[in-house]
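Participant: Below: one structure in structure tokens.
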Amino acid sequence: MSVKRRPVENEAVMPNVLDWQQLNENIPDARLYDHLLRLAILVYRLEPRRSSISEGSHVNGHQRSSSVGSIKVHIHAKLPKGALKTLMKHLNHVAMNATGETAYDQVRRSCYLSFYAMVLNAKTADRDTYEDMKTKPESLIVRFLSCVNKQLVNYPQLQSTKTTNEFSIDFVNLLLTIVRQEKGTAALVQQLEDYKTQWQTRQGSVSSSTSSNQLSKLVRSDEASFDIKEMDLAQYVAQIMGISQSMAQNDITRLKSSVTEHSVAQELEAYQEALRNNQHHLYTAKDFNSAQEWESWKLTEIRAVDQLKPATDESLAVGMQNLSMGQSSNLLPPEPKSYYLALLRVCLTYDSKLPNLLSNQSNRLLNVAANWWRISPETRSWIIMWAAKDNFDQGAPVSVVMDAFTLSQHLPKVLQDPKTWSAVDHYFLANCLASIQAQAYAKLDNILRSIFESKVPKIGPYIELMEDYLIKWGSLSISESSISRLKKAVEAAAVAEYDRLLSRVPRDSSLDIGHIHDLGQCIVNNAKRLQKKYKYPLFDKIAIAKLVCAKQLKLFSVDFLPMFKHCSSSREDSEPPSFEDLMALYSLLVEMQDLYRQVSLSDGFQFNIERLLFPFLYEWAKDSSKIAQSWVEPAIEQDDFQPLDVENHVVHSSSVNDLFASFYAPLKLMDDSQWRNQYHVAKVLTTLVEGISNAIGSWGFKVYLMFCHELKYTNIKGQQYASRQERWLAMAKEAVNQTSREPPEPYQFKMETCVRLNDIAKAYELLAKMEENLNSDAISKRISIEEKRQKQQMARSYLFTVSVVSASGLVPNETKGTRDTYVTLIDQENRKQIGKTHVVYGTTEPKWGQQFELEISSKPKLLKVTIWDELMGSNHDLCGRTMLKLDPKDFGSRDYGTASRWLDLDTQGKVKIDISLDVQQDDIRFYFGKALRFLRRTQDEMVQMIVDQFAPFVQTAISLPTINSLLNRGRFGMDTFQSWLGTKQESKQPLTAEQIEDVLQPLFDYLNSNFAILASVLTQELKISVMSKTWEVVLDTIDNVLLPPLESRKTTQNQLSPREVEILFIWLAALKDFFHNEGAGPDVQTLQGQKYQQLMSISNHYTQSTAELKEEAEKVHRANMRAFTQTYDLMERSQSCMFHRSRTVMQQNREKLRQSQLAAPEIDNVILRILRTRGELAFIEKHLRYRERTALKRQTDLTLQGYAG
């Protein structure tokens, strides 16, 4: 139970506080020494001692004897060997209450422990005494009685002859238990039994009220030597007081006659009488809360003194009285409390170098003094705290105070009900504790102000003192003002440390963000170190790390902006900070802001971190976007364009992986930065992807040029021809003359050529995956929402895609009889060539279908479109020119649009140009779409160039001459040649389906050979793509054999006979099965697309009359116009970058376009082409003009809608 002050009662006592006797802290050492020496003399007188042995001679060998007091001692009996060792084991068990024998109380165990310690000490320090105790039982008994008397001094309530006798009898019984186990110990057993009998007899004759010191008289010699060597307490008094042994001996000789049992008893009786008369100053009635408490204390104290009085022998009383006549023992000092405090201070000073607060000897002396000077445990408690307070104030460690608390708490009665305490004890203890608490606060204040110094005293002991002692035991509380004071100390330390760190930051132009970063890092490190060191708040209210962090971060938030602005302004001409430095500063600032929000419950810094650092981040993004172009050349130069791992189907080369590894590097850096402003992240990613898109375009174009260089047009035997027309004529002659039924040699595609195509496809796959991972739609939406909120207008530029489709109305060359044409596009402003198509040989109706991209601003651009005829060995012939104007205004304000134009040439014919427009925005979807569309177009063109290598043989094998040759099988020579020229003389012999299909066997073998070469390197997707493209060639070839192109000019091509049509459709079915290859080739959906459906519809109209065809054409035309808007819009969108922005979006849009085209398979075109063979040119021209007007109207409507939007 803790000692608590009672505020209400104390208030009643407070008026008498000044009347309470205060401690005298100036007790002279001489007076203290005098009283201590008198105390030591008294204790020596009362100690049991071994008497001198008066020997008597007996004859016939009778044993000699002596007496200890009135107890007869047999001198002859000795302890058996090993008895003392056995006794020590028993003592240890008994003292620790570890055996099953009689249960001893605390005091009894203390006596045994004291005796046990004395024997051990003699064993090491006093061998003579130890040897004496090993053999002589009376030596053991006398020394045990001495230990009993010493221990009983600490327990006045137990001091009595009865208690001493009980302990003595128990000890003798223990000796008997040990001795009886040995042989030849009958005499010793009898001797011990005699001791036991005498004590038992004495026990019955002495009343329970007799002083415990009477037994000491029984075993004490009447003569005491008063030799200081025998007076251990006197020796210790001399030591602590700094008195020499000789001087102390003289003082003992001088004082021994005055300090007797009789004089002490008289002094104690006088003390009792003074208490009865309320005349003693140790305590007065004013020291208690009530008269009842005062009277109760007096009664208890008088009874205790009765037990303390030393017994006097009547035979000696007269002599002693004569010796001490006129002399007082002066045992009780005039100011007991002050003398006790002075003694305590002397002991503390003397024991200051020991690990414990007080040594055993000091404790014994203090206990003896308190017992004889009548210092109650309660008073001793606060006096001990008083001394500890003074030592603590003078710089003693906090452990001194805690040890004092422990010592005070373990005093008898201190932990009893505090109501038994006197008011004065309460008062002085409370004042001591309050003073210690104030000192602890002051020391804590100093420690907290020095928490950043290299050697800081530990706070833990002070917290332990406050919480476990002052608060828990002393019932004190921690005031809010004290908490506030300690918090201010922590904050003062934080400010001082921050100022020290800030002083290391340069103030001149050498300041950079590295210095700012170091300052912030020190603050964070301080917070982490303090949090680790001071894990728990002091008194559950003072979180040191939190207070320091809050204070320093607040100061940093104020100083950061000026430092950062100074850093930026002083380095305007120098390079911006590196990305690593920028991200290191950003990460640190974010960490600091999070800490600041946690410790201060505020919204964070006074500045927005992301908004402040974003300009530097955005500059890095733009630089990285430009640098992306520099990665292209090294990637290509280091690539041998060989498959990485054919066995595991990794058939692309290293440059793709290298390039995308470089692309991902800045993206990963941005992701790792954990930038918290998502709008900023979206802007940076958009800028980075812009650079990636441009780099992909540059890399893809270089790979494409290398691919084109490797593919050369050669004939099936490797012979070079002046034009493709010559090669086709040679192949036709071979087919007509049947000079060889063996298929031509397949084209020897190089490994590098196929790998380059794989690279383009792999780049498309990786870029599509990148777009999916980044979620371009979400990024674009994020930017759009933020810029609408900020009312920002996105910069606009325009990306035109010019598609050179075809030409018509060209006049044949007089020498060649045909044309080998290509087209060039020239920018009229800077005379730069924008693009050049490939050469289309042997036709005046060429179809190129090539696309070129051109970026322009809002200003229109004028292109010169020129068609050239390629000539061997001379300058190329000019066929015609025209001008093409590209103006964004023609498409309104839409983000995309298409237009199809027929431009008249200046000399002959006209050329068809398709134009598509994308509004180029700073939009990540646009950049992805642009790059993906480029890769898809490049891949398609490369596939088309591969197919072009064996397309001529496909066109030769599936031709009208081949049909005529089949129908006229068996007729050779001129008749066959005439049939090739168009004469229809069919054989009367019927042909089977097998025979018809057998004609295509050379084509099957040739295609198989080419496909097998490509299959060894190309990816599965590209293999299907090549086969699909080849299938389109097959369909176009059959379509061209069946019908002429759709034009309003007269044609020399006539309708085929039913037999010829049948042969073509048998070939079509056989070729479809060949390409499908039981599911290994293109799927049925691809093979039976719009073109296939259109071909299948030809047979339904081929035999209809002209009138029926015209009527059907009108119906189909009206039906198609209803679906034209949706189809036209989808076709427009298919040309835009947004159409290609991701693989999923593109596949969805392509499927919509395919379904729309299947719903309207251009049946009207089939009908019009049949009518052309029948000369219905006017009807055809009317329909074509109506179509042009409808398309123009639709384009105009969309343009107006764009302006309106």
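The values are calculated or read from the model by the stated rules, or taken from the named source; none is laboratory data. All values reported here derive from a predicted model rather than from experimental measurement. Heads up, the Cβs are rebuilt from the backbone with ideal geometry, glycines too, and the neighbour counts pull from every protein chain shown.
Participant: Can you pull out the residues in region 820-847 that are closer than 22 Å to Ala951 by Cα and either modelled with pLDDT under 85 or in contact with a helix residue (DSSP H, G or I) (Cβ under 8 Å, 6 or more places away or on another chain) (or both)?
Facilitator: Hits for region 820-847 are Asp820, His838, Val839, Val840, Tyr841, Gly842, Thr843, Thr844, Glu845, Lys847.
Participant: Right, another one. Sort through Tyr498, Tyr462, Tyr427 and tell me the only one that's over 33 Å from the mean Cα position of the chain (by Cα) and either under 30 Å from Ile523 (Cα atoms) or among the acidic types (Asp, Glu) (or both).
Facilitator: Tyr462
Participant: Right, something else. Going by what's in this entry, would Ile523 be described as β-branched (Val, Ile, Thr) and farther than 23 Å from Pro457 by Cβ?
Facilitator: Criteria met by Ile523.
Participant: Would you check if there is a residue in region 404-421 being in a helix (DSSP H, G or I), modelled with pLDDT of 85 or more and buried (at least 17 other Cβ atoms within 10 Å of the Cβ)?
Facilitator: yes
Participant: Considering every residue within region 921-944, establish whether at least one is at pLDDT below 85, within 28 Å of Trp1031 (Cα to Cα) and hydrophobic (A, V, I, L, M, F, W, C).
Facilitator: Within region 921-944, none of the residues are at pLDDT below 85, within 28 Å of Trp1031 (Cα to Cα) and hydrophobic (A, V, I, L, M, F, W, C).
Participant: May I pose another question? From the set of residues in region 475-498 that are surrounded by 17 or more Cβ atoms within 10 Å (Cβ to Cβ) and among the aliphatic types (A, V, I, L, M), which is farthest from Ile451 (Cα to Cα)?
Facilitator: Leu476
Participant: Are any residues in region 349-365 among the hydroxyl-bearing types (Ser, Thr, Tyr), closer than 27 Å to Val148 by Cβ and part of a loop (DSSP other than H, G, I, E, B), and if so, which ones?
Facilitator: If the condition is that a residue be among the hydroxyl-bearing types (Ser, Thr, Tyr), closer than 27 Å to Val148 by Cβ and part of a loop (DSSP other than H, G, I, E, B), then Ser359 is the only one that fits.
Participant: Let me ask something else. So how many residues does region 809-823 have that are closer than 20 Å to Asp914 by Cα and surrounded by fewer than 17 Cβ atoms within 10 Å (Cβ to Cβ)?
Facilitator: Of the residues in that region, 1 qualify.
Participant: Something else now. Within the set of pairs 6+ apart or on separate chains, which have a first residue in region 849-866 that is farther than 28 Å from Gln944 by Cβ, a second that is part of a loop (DSSP other than H, G, I, E, B), and C-beta atoms under 6 Å apart?
Facilitator: Listed by first residue and then by second, the contacts come to Pro860/Asp887; Leu862/Gln828.
Participant: Here's a check for you: in region 782-802, which residue that is in a strand (DSSP E or B) and either at pLDDT 85 or above or surrounded by fewer than 16 Cβ atoms within 10 Å (Cβ to Cβ) (or both) is farthest from the chain's Cα centre (by Cα)?
Facilitator: Val802
Participant: So Thr866 ticks every box in (1) under 24 Å from Lys1193 (Cβ atoms); (2) among the hydroxyl-bearing types (Ser, Thr, Tyr); (3) modelled with pLDDT of 85 or more but one. Which box is left unticked?
Facilitator: (1)
Participant: For Tyr536, all conditions in the list (1) buried (at least 21 other Cβ atoms within 10 Å of the Cβ); (2) within 25 Å of the chain's Cα centre (by Cα) hold save one; what is the number of the exception?
Facilitator: Only one criterion is unmet by Tyr536, namely (1).
Participant: Any residue at all in region 174-191 that's in contact with a strand residue (DSSP E or B) (Cβ under 8 Å, 6 or more places away or on another chain) and modelled with pLDDT under 70?
Facilitator: no
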